[in-house]
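Heads up, the thing below is written out as structure tokens.
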């Protein structure tokens, strides 16, 4: 029982570290000035800043991708308790992000700056909605499973973890990856796009586009034909296919 309690407390600690990192990320990417942000910190020559920032982004991408793969999980759970696997993934992701926030270097130059009041407010609204949509998307598919709390709780109670069945609640009926869509809104919705911010946005967008096929291959292995049909019927990031379908139905109804 002591071991179960220890794993449960470990899961709670990992979640709290994630949540603190999540809150810091809002200020970091928004460049709010109250903390070290994407456009603040010690300035160094742009070539050095580019190399450091690229290494930080690469480290996060490798951690985020490799530790999520089934083959790594299978090997990793020979070392750590299976119930703590997801919490450990969340911990390492949070630490990789914290390192990025700490060591990120600003890069001079402005790509665009929106001075118009209404347009500026609109971009901040999109930025805020991106974070809200991100949280909502995690709760729709089980926020506590995604961040390891469900697993450590079941282990504490001595209950088996049978996993979650495949379902498509809310916005998942219209796009397969609303979490990634939310991140894109967050990365690009800024009234002041600097060179450093643009580098971050391009790199993370590229990572998302590469990560989706990897993730979907894993999901097909887990959920089989159900996810394969879902992938064929529902768009990846934008509900454009549904829009076209509604247009065709409207034309047919008019005839």
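Scanning segment 26-55 for residues that are touching a helix residue (DSSP H, G or I) at 6+ places or on another chain (Cβ under 7 Å) and closer than 20 Å to residue 185 by Cα yields 26, 28, 29, 30, 37, 38, 39.
So residue 33 ticks every box in (1) at positive phi; (2) touching a residue at least 60 places away in the same chain (Cβ under 8 Å) but one. Which box is left unticked? Going through (1) at positive phi; (2) touching a residue at least 60 places away in the same chain (Cβ under 8 Å) one by one, residue 33 breaks only (2).
Taken together, the residues in segment 96-123 that are surrounded by 14 or more Cβ atoms within 10 Å (Cβ to Cβ) and more than 25 Å from residue 47 (Cα to Cα) amount to 4.
Note on segment 206-241: residues that are exposed (fewer than 15 other Cβ atoms within 10 Å of the Cβ) and assigned to a loop (DSSP other than H, G, I, E, B) total 2. Within segment 155-174, if we keep just the residues that are part of a loop (DSSP other than H, G, I, E, B) and closer than 17 Å to residue 137 by Cα, the residue that is modelled with the lowest pLDDT turns out to be 164. For segment 36-51, taking the residues that are in a loop (DSSP other than H, G, I, E, B) and free of Cβ contacts under 8 Å to residues at least 60 places away in the same chain, the one that is surrounded by the fewest Cβ atoms within 10 Å (Cβ to Cβ) is identified as 45.
Before we move on, is residue 125 within 25 Å of residue 28 (Cβ to Cβ) and modelled with pLDDT under 95? No: the conditions fail for residue 125.
Applying the condition of being surrounded by 17 or more Cβ atoms within 10 Å (Cβ to Cβ) and touching a residue at least 60 places away in the same chain (Cβ under 8 Å) to segment 175-192 and asking which residue is farthest from residue 122 (Cα to Cα) yields 176.
Of the candidates 13, 49, the single residue that is farther than 21 Å from residue 182 by Cα and at pLDDT 95 or above is 13.
The values are calculated or read from the model by the stated rules, or taken from the named source; none is laboratory data. Owing to the predicted nature of the structure, the values given are computational and were not obtained by experimental measurement. With ideal geometry, Cβ positions are generated from the backbone for all residues, glycine too; neighbour counts draw on all protein chains shown.
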